[in-house]
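To start, the structure itself, in structure tokens.
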Amino acid sequence: MKIVVRAFGHAAAALGTKELSLEASALTVNELLAKLNDSIGGGGAHLAKETFLIAIDGIEISAIDGGNTQIQEPSTVSLIPVSHGG
């Protein structure tokens, strides 16, 4: 299965790229984030779903099944940082 991950802001900085392709089978969003965090290693920033709007093919995952959402083939997953100010 081919999954394209598009990263923005600090997600792109942590991954070292704005876009990457993964070959994987039957991943959930939680499993994808674990796989991406493993690729970053222990010294870098970690990608937590609470700090991003995560969309699969343009649909935000909270409108589907959150972190348990199954990623279908082929899909584009977007990691969009949520910024808060005060």
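If you take the Cα centroid of segment 15-55 and the Cα centroid of segment 57-75, the two points sit 14 Å apart.
Straight Cα distances below 16 angstrom link K35 to the aspartates and glutamates E19, E23, with same-chain residues fewer than 8 positions distant left out. Once backbone amide H atoms are built at 1.01 Å from N, F8 has L79 as its partners under 5 Å, excluding neighbours fewer than 5 places away on the same chain.
By the rule of a C-alpha distance below 16 Å, with chain neighbours fewer than 8 residues away ignored, the aspartates and glutamates paired with K49 are E31, D38, E60, D65. Here the Karplus relation 6.51 cos²θ - 1.76 cosθ + 1.60, evaluated at θ = phi - 60°, turns the backbone of segment 15-23 into coupling constants of 7, x, 6, 8, 8, 9, 10, 10, 9 Hz, with x for every Gly and Pro.
Which semi-axis lengths, in whole Å and largest first, follow from the square roots of five times the eigenvalues of the Cα gyration tensor of the chain?
Each semi-axis is √(5λ); the values are 19, 16, 11 Å.
Only the coordinates and a few stated rules stand behind these numbers; no lab work does. In this text, all values refer to a predicted model and were calculated from it rather than measured experimentally.
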